[in-house]
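Only one structure is covered here, and it is reproduced in the block below.
The values are calculated or read from the model by the stated rules, or taken from the named source; none is laboratory data. These numbers were taken from a predicted model, which means no experiment stands behind them. Counting neighbours? That spans all protein chains shown, and the Cβs are built from the backbone with ideal geometry, glycine included.
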């Protein structure tokens, strides 16, 4: 393995309302909001762990998956124990169902619910 040049700090998503989008991902992933400012909010296991960050972008144009005129930019695969049970829960958090197991977060970023592979420990308890 090559010597690293750096270490991932955060994956950052542009959005119009960082606090609202952070609350959505906090609920989706079961992780706390660990930092908040006027234009930047972080969700991670704790305040010294890399995580997801949400950056204020007042002119953000949401992607329209799968429309190539407004591409997805980024998407997350979210591992769940039971896709059928997880779907209604992500909708209750504010997601929109796009197709099958593909959803959009409140800012329009697509994410997929994927079944937990056998090698991964259970997501819930």
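Can you tell me how many residues in the stretch 73-82 are under 15 Å from residue 104 (Cβ atoms) and either in contact with a helix residue (DSSP H, G or I) (Cβ under 7 Å, 6 or more places away or on another chain) or part of a loop (DSSP other than H, G, I, E, B) (or both)?
4
Hey, can you tell me all the residues within the stretch 1-38 that are within 11 Å of the chain's Cα centre (by Cα) and in a helix (DSSP H, G or I)?
21, 22, 23, 24, 25, 26, 27, 28, 29
If the Cβ limit is 6 Å and pairs must be 6+ apart or interchain, which residue in the stretch 48-77 that is more than 28 Å from residue 100 (Cβ to Cβ) and outside the structural domain of residue 104 (by TED's automatic domain parsing) pairs with which residue that is part of a strand (DSSP E or B) and at pLDDT below 90?
Pairs that qualify, where the first residue is more than 28 Å from residue 100 (Cβ to Cβ) and outside the structural domain of residue 104 (by TED's automatic domain parsing) and the partner is part of a strand (DSSP E or B) and at pLDDT below 90: there are none.
Pick out the one residue from 107, 70, 85 that is touching a helix residue (DSSP H, G or I) at 6+ places or on another chain (Cβ under 7 Å), modelled with pLDDT under 95 and more than 14 Å from residue 27 (Cβ to Cβ).
Testing whether each residue is touching a helix residue (DSSP H, G or I) at 6+ places or on another chain (Cβ under 7 Å), modelled with pLDDT under 95 and more than 14 Å from residue 27 (Cβ to Cβ) leaves just 107.
Consider residue 41 against the criteria (1) closer than 20 Å to residue 12 by Cα; (2) part of a loop (DSSP other than H, G, I, E, B): it satisfies all of them except one. Which criterion is unmet?
All conditions pass for residue 41, except number (2).
Looking at the structure I just gave you, is residue 41 at pLDDT 95 or above and not assigned by TED's automatic domain parsing to the domain that holds residue 124?
Working: at pLDDT 95 or above: yes; not assigned by TED's automatic domain parsing to the domain that holds residue 124: yes.
So residue 41 fits the description; yes.
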